[in-house]
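A.B. asks: Below is one structure. I have some questions about it.
Each value in this text was obtained by applying a stated rule to the coordinates, not by laboratory testing. A quick note: this is a predicted structure, and the numbers were derived from the prediction, not measured. Cβ placement follows ideal geometry from the backbone for every residue including glycine, while neighbour counts extend to all protein chains displayed.
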Protein chains: 2
Amino acid sequence: MADKKLVEQITSRDEDFAQWYTDIVKKAELMDYSSVKGFMVIKPAGYAIWENIQHELDRRFKETGVENVYMPVLIPESLLQKEADHVEGFAAEAAWVTMGGGDVLPERLCFRPTSETMFCDFYSRDIRSYRDLPRVYNQWCSVIRWEKETRPFLRSREFLWQEGHTAHATAEEAEERTIQMLNVYADFCEEVLAIPVVKGRKTDKEKFAGAIATYTIEALMHDGKALQSGTSHNFGDGFAKAFGVTFTDRDNQVKYCHQTSWGVTTRLIGAIIMVHGDDSGLVLPPAIAPTEVMVIPIAAHKDGVLEKAKEVAERLGKVARTKLDDSDKSPGFKFAEAEMRGIPVRVELGPKDIEAGKVVLVRRDTREKIEVALDDVETEVTALLQKIQKEMLERARAHRDAHTYTAKNYDEFKEIIETKPGFIKAMWCGDQACEDKIKEDFAATSRCMPFTQEEISDVCVCCGKPAKKMVYWGRAY
Amino acid sequence: MADKKLVEQITSRDEDFAQWYTDIVKKAELMDYSSVKGFMVIKPAGYAIWENIQHELDRRFKETGVENVYMPVLIPESLLQKEADHVEGFAAEAAWVTMGGGDVLPERLCFRPTSETMFCDFYSRDIRSYRDLPRVYNQWCSVIRWEKETRPFLRSREFLWQEGHTAHATAEEAEERTIQMLNVYADFCEEVLAIPVVKGRKTDKEKFAGAIATYTIEALMHDGKALQSGTSHNFGDGFAKAFGVTFTDRDNQVKYCHQTSWGVTTRLIGAIIMVHGDDSGLVLPPAIAPTEVMVIPIAAHKDGVLEKAKEVAERLGKVARTKLDDSDKSPGFKFAEAEMRGIPVRVELGPKDIEAGKVVLVRRDTREKIEVALDDVETEVTALLQKIQKEMLERARAHRDAHTYTAKNYDEFKEIIETKPGFIKAMWCGDQACEDKIKEDFAATSRCMPFTQEEISDVCVCCGKPAKKMVYWGRAY
């Protein structure tokens, strides 16, 4: 039924995943390239997804006591250098403002790559007493990291994100907040984006610059590559010592604060595409779809069809984000367009349907067509959207599980990584040399040490020494 | 009743308006200074006001068909230079990124001071046919303008704003959109911020760099100075010609688009402070207040008081943004704090009130105390909030009208501007030399040529030649 012209322009997902991805971001009108190398334009269809992500996450954040703020975008070089590990981690990707108001600046200013230093500088003046704690602040903003290679949403020189930065009186409370926010991210990914994630801790090699512990949620894309989808860091009192973030406790002692940070970015849009998309375009989970239902009249010129379609769209507008496509395009073109944009349900309605008192619902994810009574359209669509949301998560989980392997020794590891894209669960001795070797040999990295540990064997998959942790390994975006 | 310690820290508004303003932004915890000169930290109480402004405006924008997007923050110098008037208007305040990823960049990149050039560059590729029009895009972001003198919210090197940028097939449609958005701003200011505004057109001297017409809403602050609170620009096809923004019309002719842009900024927070605030701190209109009602228990240690206060807060939470102050501070301190933060209504509730089945409502704006039956608290508070919103606008309008004068000749103008801070309505010949002279003599500017014209006299207030327009003049922020 779908119009060929529109569909033929997409590369097949199984033939060339990278090109398929690029085709979708363009054809679904999520983004466009700009005249600034490595920077992208986020178009309305893409930004509307980000707005829904913001709305859902912000609500969840605030339920845990988060307050939003806004910090200066430019960070003086001297501030950035106060925490040694941190500056080392970001120096190579920094963009520098060196001139302002016609003058060369006395000190160059870094466009924020992340704002730990700015929050710490603020907290060092803002926090005095245990009564001021905890501080649980977040900001929604853009950051710049001067990447060499860029890909839409996945890696671009500028991206949008939220960054939470907290300060606590005790180490325990900081650790609790770190895990709490990781859980907020994980629940959000599963419930809203229909993307199952593995929760775990990063190895020291992979942790954030300046953190004592980095926790992550790792998702598996359709091509079997991993995507780090959100991280939460516990800084201990390292930053507090570097910046003098202290408070007077109940016992009248001056103590250092314990701090955390956590963030997710517009790369989540890339995750949605790569987990759910197919050869007809984007497939959006209803919970995040800017338009959940598209009503398309068939033979709209015939008496009463357009009126009925409008009426159905209005009724559905009360239970879901609904649009009516009353443009002068052909129905086939409209179907293809709604498919390309990933709209979860389309409602087809023609003269024969009206006569029979029914409409046709078409699922975007399975292509299934369902005839329902016109009278019951609100309840049917509501139930169908819930069903789609649930089944999309189940399907993504089944795909993830079917592409999660275990390796007991290096030969097995090699065989899997070279022939079966996916996660590999394997034991690790805790030595960074083994991570380095695996990266060198297979371009794969430790994704995380999952909270749910299993004992695959008792020796390291790489060196054969006694194992300490089960690790998820994989090639990653 | 309010705690002296907190209140005494504010300078009197009538004694030193500038210091009073600075005191409020600090004591109401709206912002803080940062380690980067001219850049500020927007704290939770300030950012929550901005979130409400965003929420209300964004909803109104979308009702008119606006779609949100995101454009790159850095603009190549060559793009910025394409429209001659425009680059001249912003060159002096530009901040330049000259290094990225360890390298000196081949072309320096300007941190967006405004994004006309970026939108035009995008539209020049994005728009092909009349079917693509209109484009009605907007973005919420931060901009940098390297100001020499800065003041919190009113003028800072970085500020937050929205910038709408549209492209149309005809000049008429562009002009309609320009006026439509000005009306959205004016209605928002009056209905939500309780700030009356004068709508009008800027003179050529005061218009935006590159515009053929700039429209403005002008508000009067409590000290009698004007604040430009929002602008909407019609660019005609000037930018379209500079950037090649063309489309193929229904008649198969390639034509230039007609464009507009319009924006409001975080300076609206400054307007709220300066229109409504008093010697006890901020006074927020209910429609924009992050917390509309604060419930404060009196003698909270006594049996049942805290429980009752919680119950009242919960009931009120269903009709208004309500908080309960159950901290261990004294009631007097809590009153002063709620006043400083501008919370529209506080609810006092002690053992005697509970016994008598009543509560005390205290209006922030008038200090009026009202006893109401505990049973009716939801309806009483709802009605009171509406009343406050309405009366705050009426009071601001009365103040504005009482400080709006008319001058027929230069002596009258001089007498008023030197002794009576406010708007001056006076006739103008249309010659920029008269604007220059008034600025030189009195540091006053033409605020706008209001849509509602009056005939004060038939000659120019400055040169005595025949008058063309009635103009609002004033000193401004």
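A.B. asks: How many angstrom separate the Cα center of segment B:76-90 from the Cα center of segment A:105-177?
C.D. replies: If we compute the Cα centre of each part, the gap is 33 Å.
A.B. asks: Also: Can you give the FRET efficiency to the nearest 0.05 for B:D326 and A:E107, using r as the Cβ-Cβ distance and R₀ = 41 Å?
C.D. replies: The computed FRET efficiency comes out at 0.35.
A.B. asks: If you don't mind, another one. Convert each backbone phi in segment A:416-421 into a coupling constant with the Karplus relation 6.51 cos²θ - 1.76 cosθ + 1.60 (shift: θ = phi - 60°), then list the ³J(HN,Hα) values in order as whole Hz, x for Gly and Pro.
C.D. replies: With the stated coefficients, segment A:416-421 comes to 5, 4, 8, 10, 10, x Hz.
A.B. asks: So, one more: Could you pull out every one of the lysines with an alpha carbon less than 20 Å from that of A:K408, ignoring same-chain neighbours closer than 8 positions?
C.D. replies: Qualifying lysines at Cα under 20 Å: A:K420, A:K425, A:K437, A:K439, A:K465, A:K468, A:K469.
A.B. asks: Can you tell me which lysines have their Cα less than 24 Å from the Cα of B:K390? Leave out same-chain residues fewer than eight positions away.
C.D. replies: Excluding near neighbours in sequence, the set is B:K199, B:K225, B:K318, B:K323, B:K369.
A.B. asks: Any idea what log10 I(q)/I(0) is at q = 0.04, 0.05, 0.07 Å⁻¹ for the protein assembly as shown, Debye with uniform C-alpha scatterers and no solvent?
C.D. replies: Per q value, in the given order, log10 I(q)/I(0) is -0.21, -0.34, -0.68.
A.B. asks: List the distances, in nm and shortest first, from the label point of A:Q253 to the matching label points in every other copy, placing each point 7 Å from Cα along the Cα-to-Cβ direction.
C.D. replies: 8.3
A.B. asks: Using a 10 Å Cβ count of at most 10 others and DSSP loop calls, identify the longest part of chain A lacking such trypsin sites (Lys or Arg not before Pro).
C.D. replies: Details: sites that count: A:K148, A:R250, A:K318.
Longest stretch, sites excluded: A:319-477.
A.B. asks: Treating only the Cβ of Lys, Arg, Asp and Glu as charged (+1, +1, -1, -1), what charge dipole size does segment A:404-474 show about its Cα centre? Round to the nearest 20 debye. Walk me through the numbers on the way to the answer.
C.D. replies: Values: 10 positive and 12 negative charges, 37 e Å.
Approximately 180 debye in magnitude.
A.B. asks: List every residue whose amide H lies under 5 Å from the amide H of A:R447, counting only residues 5 or more places away in sequence or on a different chain, with H placed 1.01 Å from N in the peptide plane.
C.D. replies: HN-HN under 5 Å from A:R447: A:Y472, A:W473, A:G474.
A.B. asks: I would also like to ask the following. Just to confirm the numbers: A:A92, label point 7 angstrom along the Cα-Cβ line, distances to the other copies in nm, shortest first?
C.D. replies: Output for A:A92: 4.3 nm, nearest copy listed first.
A.B. asks: Any idea what the A:F451 label distances to the other copies are, label 7 Å down the Cα→Cβ vector, nm, shortest first?
C.D. replies: So the label point of A:F451 gives 5.6 nm to the other copies.
A.B. asks: Just check segment A:404-474 against the gyration tensor rule for me: Cα atoms, a ≥ b ≥ c as the square roots of the eigenvalues, rounded for a/c under 1.5, and otherwise prolate or oblate depending on whether a/b exceeds b/c.
C.D. replies: Numbers: a/c = 1.40, a/b = 1.18, b/c = 1.19.
Here segment A:404-474 falls in the rounded category.
A.B. asks: Follow-up question, since we're still on this one. Quickly work out the A:V254-to-B:K205 label distance, labels modelled 7 Å from Cα along the C-beta direction, and quote it in nm with one decimal.
C.D. replies: 5.6 nm
A.B. asks: On average, how many beta carbons from a partner chain sit within 10 Å of the beta carbon of a residue in A:37-46?
C.D. replies: Details: counts 7, 4, 7, 3, 11, 6, 7, 8, 2, 2.
Whole-number average of other-chain Cβ neighbours for A:37-46 is 6.
A.B. asks: Here is a further query. Of the DSSP beta bridges with both residues in segment A:404-474, give the percent that are antiparallel, rounding to the nearest 5.
C.D. replies: Around 75 percent of the beta bridges assigned by DSSP in segment A:404-474 are antiparallel ones.
A.B. asks: Put a dot 7 Å past each Cα toward the Cβ at A:E51 and A:E391; how far apart are the dots in nm?
C.D. replies: 3.0 nm
A.B. asks: Work out the mean other chain Cβ neighbour count within 10 Å for the residues of A:90-98 and drop it here as an integer.
C.D. replies: On the way: counts 0, 1, 2, 3, 4, 10, 8, 12, 7.
Rounded to a whole number, the mean comes out at 5.
A.B. asks: Then there is this: Could you state the number of Å between the C-alpha centres of segment B:33-59 and segment A:391-458?
C.D. replies: Computed from Cα coordinates, the inter-centre distance equals 44 Å.
A.B. asks: Still on this model: Expressed in nm to one decimal, what extension gain is obtained for the pair A:T419 and A:D431 from 0.36 nm per residue of sequence separation less their Cα-Cα distance? Each step should come with its number before you reach the end.
C.D. replies: Working: separation 12, 0.36 × 12 = 4.32 nm, distance 2.61 nm.
Stretched fully, the A:T419-A:D431 segment lengthens by 1.7 nm.
A.B. asks: Would you tell me the mean number of C-beta atoms belonging to other protein chains that fall within 10 Å of each C-beta in A:118-125, as a whole number? Spell out each step's value before the answer.
C.D. replies: Working: counts 5, 1, 0, 4, 6, 0, 1, 5.
Across A:118-125, the average partner-chain Cβ count within 10 Å equals 3.
A.B. asks: Tell me, what is the FRET efficiency for A:T366 and B:D279 to the nearest 0.05, using R0 = 56 angstrom and their Cβ-Cβ distance as r?
C.D. replies: That gives a FRET efficiency of 0.30.
A.B. asks: What does the helix-only formula give at 222 nm for chain B: each DSSP H stretch with n ≥ 4 adding -39500 (n - 2.57), the total divided by the residues, and the result rounded to the nearest 500 deg cm²/dmol?
C.D. replies: Mean residue ellipticity, 222 nm, calculated: -11000 deg cm²/dmol.
A.B. asks: For A:E311, A:E455, what's the fewest-to-most ordering of other Cβ within 10 Å of each Cβ?
C.D. replies: Values: A:E311 16, A:E455 8.
Taking fewest neighbouring Cβ atoms as first place, the list is A:E455, A:E311.
A.B. asks: If you don't mind, there's one more thing I want to ask. For segment A:298-414, rounded, prolate or oblate, judged on the Cα gyration tensor with a ≥ b ≥ c (square roots of eigenvalues), a/c < 1.5 rounded, else prolate if a/b > b/c?
C.D. replies: prolate
A.B. asks: Using modelled amide H (1.01 Å from N, peptide plane; none on Pro or chain starts), what sits under 5 Å from the amide H of B:I212, excluding residues fewer than 5 places away?
C.D. replies: Distant-sequence amide H within range of B:I212: B:N234, B:F235, B:G236.
A.B. asks: Counting other beta carbons within 10 Å of each residue's own, what order do A:E206, A:E418, A:E391 fall into, fewest first?
C.D. replies: Fewest-to-most Cβ neighbours within 10 Å comes out as A:E418, A:E391, A:E206.
A.B. asks: Out of residues 5 or more away from A:S34 or on other chains, whose amide H comes under 5 Å of its own, with H placed 1.01 Å from N in the peptide plane?
C.D. replies: A:F39, A:V41
A.B. asks: For a test of the definition: using alpha carbon positions, the gyration tensor, and the 1.5 limit on a/c, classify segment B:130-276 as rounded, prolate or oblate. Let's see the in-between values first.
C.D. replies: Working: a/c = 2.37, a/b = 1.94, b/c = 1.22.
It comes out prolate by the Cα gyration axes.
A.B. asks: OK, next. Just rank A:M181, B:M294, A:M31, fewest to most, by other beta-carbon atoms within 10 angstrom.
C.D. replies: A:M31, B:M294, A:M181
A.B. asks: While we're on this one: Just how far, in whole angstrom, is segment B:198-225 from segment A:9-25 if you go by their alpha carbon centroids?
C.D. replies: Each part's Cα centre sits 50 Å from the other's.
A.B. asks: Now a separate question. One-quarter of the Cα convex hull surface for segment A:9-276, in nm²?
C.D. replies: Averaging across all directions leaves 15.5 nm² for the Cα convex hull.
A.B. asks: Let me know the charge dipole size of the protein assembly as shown about its Cα centre in debye, to the nearest 20, where only the beta-carbon of Lys, Arg (+1) and Asp, Glu (-1) is charged.
C.D. replies: Values: 132 positive and 158 negative charges, 107 e Å.
So the dipole magnitude of the protein assembly as shown works out to roughly 520 debye.
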